[in-house]
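Written out below as structure tokens is the structure these notes cover.
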Amino acid sequence: MPANNVEPSAPETAQTARERFGKGPMPAWATACAYQEGFKAKAGAPVTHLLLSRQIHAEEHQSCVQSAIRLETMEAVQHESQWRLQFEPRTQTICLHWVRIRRGTQVFDHTQPERCRVLQREEALEGFVVDGCYTLLLLLEDVRPGDILESAYTVTTQPRLLAGNCWSFFGLPPHVPVANFHHSLRFNSPRAMRWKTSSEDLKLEVRTEDAQTIWAWSGADYTGSPAEANTPDWHIDHPWVQISDCPDWNSVAKGFAEVWREQPDNPELAAIVEKIQAEETELMPRIERAIRLIQDEFRYLSVDLEMGGHVPAPPATVARRRYGDCKDLSFLLVHLLRRLGVPARPILVNTRLQKSIMDKLPMPGLFDHVVVEFQMPEGPRWVDPTLRSQGGGSLNRVIPDYGAGLPVDAQASELVNAPTAAREKSAFELKESLLMDTRGGPSLLAIVVRATGSYAENLRQQFECCALEEIARERLEACRQRFGNVDRQGQLQYRDDRSTNEFWLAEMFDIPTSLLPVGQMPESIRFSLPSNIILSSFQLPENTPRRTPLALPYPCNLTHTVELYSPGITLLSTQRQQLGNAHLRFMRSHKTMAGFWSITLQVSTLENAVPVDKILEHRKMLQEIGRESAWEVVIATGYARLRQRADFGVLPPPPRKPGHAFTPTAPTVPLKPKSSTGTLPAKPGFATHAQQRPRKTGARHPSISYKDEVRQFRRRQKMTRVTWVVTLLLIVAGLVVVFIFAAKH
């Protein structure tokens, strides 16, 4: 969450940055830490971490950092022999204590400030961030594999936010062995300081010195742990220590509110509001117009030159230049909504920690993003001004699962939970309809997709960023991976309705029907359902113990329907199936009638992760879902592909009312084959489950008119066969009569 309180036309110069850097001894309050030079880490690692140390003086606003690494390979020498340190010269000064190479008993000192280069690299520029930071670069000479690189420096910070408070978050490198680590805090004893750690193994050592208290956490031979797949972002899988003297969240909210200066009287903002009011007469369209203005017409660019990343640019400045970062755009939108008569305020969130931030001590440094909350009679709504191409109106916009956030409001006393109403409306529905050809010709596949909420926004952004030909090519390749060597029929169709945040896709393919004989029934064939989006969205966890929770896609609401049309299918007995636990819900349903069979799979997640003690249960659940999703349909052979109707494989008509529910329609394919000549009598078709479970009768049947068409088609087939038999009999009888007559004469 970067900052910008000055115009980018007045940046720090390299000369000014150099003046904020110098060489000097370690502060008297800090202690040089020892480490084990012979520590052996994991074999093959290019770098071995021997020492990680950070000592903080709360009263002096200083942090003394020490590190030592052993360069095991030439690759490590290549990357680490350019010693560098990034700092922000407007609020920080650097005192370099030493940079040296230790080779056995030899020590080579490289602490030469005159050789340090001060560079403004803007490493985050590709991510549209101009942070105003400078990099100290020191090129080390004669560095060899096996050398130990030691460094130590002290950073003095001039805080602009909550200058009287102290906070810190110290964590060991994830999954990296460390020989020795040390973290300490020195503060005046009357200060109400608190601490929290992630592990009971991090023991606190307390001592008093000159009316000051010193807290220290130290350790040795930390081996680290390998990373586990699908670990949620909010779970910090490495030891950490948090310290803070902020008494509560209200003090943090007040601190932000004091430096986020409102601009109640500003002509630029007044002009924008007047234009919105002139174009829209109702409140809801005005809110929508203000949100779309910021989301779609302002570009993201973070210019962070002051205030440690905590203060937005003036809203009038952002309105004039039409760019900003999350806090700039959020603060501008708050001003516009308030002028429209809508109560609004910024909300600080953490995109990774999400709701787990509620378990941490209050401190400003926990936040990395800003969104906007506005109040409506239906309840509070959150909107992220940095998201583009959103739909759903002002009440149903979807934002990622940020969990909880802190209002920038002097009256806020605690974190607030993110609204979930809009997020729950996200759904992805896929319907695949196949006109089966059981005479050896290609079948016809129609795919119709309906996406709402976040799924619709992902598709909308894809179609905005990519050419239609490229998208069609990618979808054709994905279809070939599931069905084989398919060919597209016609053009890819799509419709986007931003007002309801609904996106439709429709396309058709010719596919080869992969059919296998069924035992001693050569007149029947077997069709196995291809892979479905339900199983492909969830990864089966390993059957081994885990240390960390298992991440789930959340929110996740998926529906996959497969329809098969062929006169070789007769009435089938099926049953519904429902599975679920506290984290996942699954349902399977069927529709069947003469000439038609379909299966619908639905899954939704209720949480964003599975706790460690529930992962085995979750694995069994996924295995059961896999079995319930694996079906085969046996169809009588000898039937040509049915003729499609005009509405097969095309977009449905736009809804008459916004937000209408999508319901799969009854089969729409007429049952008149392309050619009925030479067809074989149909054998009873049937569906077989992978486990051959017993099924109940009483399945639901679609409309009677469809069954009547099936009966009429089969009646015509029967009459055709009878006609041919009678004709052949008459011909044979005639030939016999002619033969007898000729024999007598």
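The values are calculated or read from the model by the stated rules, or taken from the named source; none is laboratory data. Fair warning: this is a prediction, and the values are worked out from it, not measured in the lab. Glycine gets a Cβ as well: all are built from the backbone with ideal geometry, and neighbour counts include every protein chain shown. Note: areas computed on protein heavy atoms with side chains; ligands, DNA, RNA excluded. Shrake-Rupley method; radii C 1.70, N 1.55, O 1.52, S 1.80 Å.
Selection of first residues in the range 72-93 that are over 30 Å from Gly44 (Cβ atoms) and in contact (Cβ under 8 Å) with a residue 40 or more places away in the chain and of second residues that are of a type in the set (A, V, I, L, M) and part of a loop (DSSP other than H, G, I, E, B), restricted to Cβ pairs under 7 Å at least 6 apart or on distinct chains, gives the following pairs, ordered by first then second residue: Arg90/Leu305.
Of all positions in the range 353-361, none carries a residue that is at pLDDT below 90 and among the hydroxyl-bearing types (Ser, Thr, Tyr). Residues considered: Tyr222, Tyr153. Of these, the only one that is out of contact with any helix residue (DSSP H, G or I) (no Cβ under 8 Å at 6 or more places or on another chain), at pLDDT below 95, among the aromatic types (Phe, Trp, Tyr) and open to solvent by 30 Å² or more (accessible area, probe 1.4 Å) is Tyr222. Restricted to the range 42-66, and to residues there that are small (Gly, Ala, Ser) and under 35 Å from the mean Cα position of the chain (by Cα), the residue that is nearest to Ser189 (Cα to Cα) is Ser53.
Is it the case that Leu333 is open to solvent by less than 10 Å² (accessible area, probe 1.4 Å), out of contact with any Phe, Trp or Tyr (no Cβ under 8 Å at 6 or more places or on another chain) and under 24 Å from Glu262 (Cβ atoms)? Against the criterion (open to solvent by less than 10 Å² (accessible area, probe 1.4 Å), out of contact with any Phe, Trp or Tyr (no Cβ under 8 Å at 6 or more places or on another chain) and under 24 Å from Glu262 (Cβ atoms)), Leu333 qualifies.
Can you find a residue that is open to solvent by less than 20 Å² (accessible area, probe 1.4 Å), in contact with a strand residue (DSSP E or B) (Cβ under 8 Å, 6 or more places away or on another chain) and of a type in the set (Val, Ile, Thr) anywhere in the range 458-479? Yes, there is a match, as at least one residue in the range 458-479 is open to solvent by less than 20 Å² (accessible area, probe 1.4 Å), in contact with a strand residue (DSSP E or B) (Cβ under 8 Å, 6 or more places away or on another chain) and of a type in the set (Val, Ile, Thr).
Say whether the condition of being more than 29 Å from Pro312 (Cβ to Cβ), β-branched (Val, Ile, Thr), in contact with a strand residue (DSSP E or B) (Cβ under 9 Å, 6 or more places away or on another chain) and touching a residue at least 12 places away in the same chain (Cβ under 8 Å) is met by at least one residue in the range 165-183. The answer is yes, given that some residue of the range 165-183 is more than 29 Å from Pro312 (Cβ to Cβ), β-branched (Val, Ile, Thr), in contact with a strand residue (DSSP E or B) (Cβ under 9 Å, 6 or more places away or on another chain) and touching a residue at least 12 places away in the same chain (Cβ under 8 Å).
Residue-by-condition table, conditions (1) free of Cβ contacts under 8 Å to residues at least 24 places away in the same chain; (2) among the acidic types (Asp, Glu); (3) surrounded by 21 or more Cβ atoms within 10 Å (Cβ to Cβ):
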{"position": "Gln390", "(1), (2), (3)": "no, no, yes"}
{"position": "Gly403", "(1), (2), (3)": "no, no, no"}
{"position": "Glu414", "(1), (2), (3)": "no, yes, no"}
{"position": "Pro419", "(1), (2), (3)": "no, no, no"}
{"position": "Lys425", "(1), (2), (3)": "no, no, no"}
{"position": "Phe428", "(1), (2), (3)": "no, no, yes"}
{"position": "Ser433", "(1), (2), (3)": "no, no, yes"}
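Taken over the range 596-637, the residue count meeting the criterion of being surrounded by fewer than 19 Cβ atoms within 10 Å (Cβ to Cβ) and among the small types (Gly, Ala, Ser) is 3.
Annotation for the range 241-264: at least one member residue is open to solvent by 40 Å² or more (accessible area, probe 1.4 Å) and of a type in the set (S, T, N, Q). In the range 567-577, the residue that is surrounded by the fewest Cβ atoms within 10 Å (Cβ to Cβ) out of those that are modelled with pLDDT of 85 or more and either in contact with an Asp or Glu (Cβ under 8 Å, 6 or more places away or on another chain) or among the aliphatic types (A, V, I, L, M) (or both) is Gln577.
Residues in the range 571-602 that are touching a Ser or Thr at 6+ places or on another chain (Cβ under 9 Å) and outside any strand (DSSP E or B): Leu571, Leu572, Ser573, Thr574, Gln575, Arg576, His583, Ala594, Gly595. Taking the condition among the hydroxyl-bearing types (Ser, Thr, Tyr) and either in a helix (DSSP H, G or I) or over 24 Å from the mean Cα position of the chain (by Cα) (or both), does Ser356 pass? When the stated conditions are applied, Ser356 passes them. I need the full set of residues from the range 63-111 which are part of a loop (DSSP other than H, G, I, E, B) and touching a helix residue (DSSP H, G or I) at 6+ places or on another chain (Cβ under 7 Å), in order please. Pro89, Thr91 - these are the residues of the range 63-111 that are part of a loop (DSSP other than H, G, I, E, B) and touching a helix residue (DSSP H, G or I) at 6+ places or on another chain (Cβ under 7 Å).
On the stretch given as the range 15-62, residues that are in a strand (DSSP E or B) and within 22 Å of Ser218 (Cβ to Cβ) total 12. So, Asp328, is that one outside any loop (DSSP other than H, G, I, E, B), in contact (Cβ under 8 Å) with a residue 12 or more places away in the chain and within 30 Å of Thr16 (Cβ to Cβ) or not? So Asp328 passes the test. Counting only residues that are more than 28 Å from Ala227 (Cβ to Cβ) and either assigned to a loop (DSSP other than H, G, I, E, B) or open to solvent by 70 Å² or more (accessible area, probe 1.4 Å) (or both), the range 169-208 holds 10 of them.
Scanning the range 336-358 for residues that are closer than 26 Å to Asp233 by Cβ and open to solvent by less than 10 Å² (accessible area, probe 1.4 Å) yields a count of 5. For the range 86-110, filtered to residues that are β-branched (Val, Ile, Thr) and farther than 14 Å from Thr154 by Cα, the residue that is most open to solvent (accessible area, probe 1.4 Å) is Thr105. Just one of the numbered conditions (1) at pLDDT below 95; (2) of a type outside the set (Val, Ile, Thr); (3) out of contact with any Ser or Thr (no Cβ under 6 Å at 6 or more places or on another chain); (4) open to solvent by 30 Å² or more (accessible area, probe 1.4 Å) is not true of Glu523: (3).
Does Glu523 satisfy the condition of being outside any strand (DSSP E or B) and among the acidic types (Asp, Glu)? Here the answer is no, as Glu523 does not meet what is asked.
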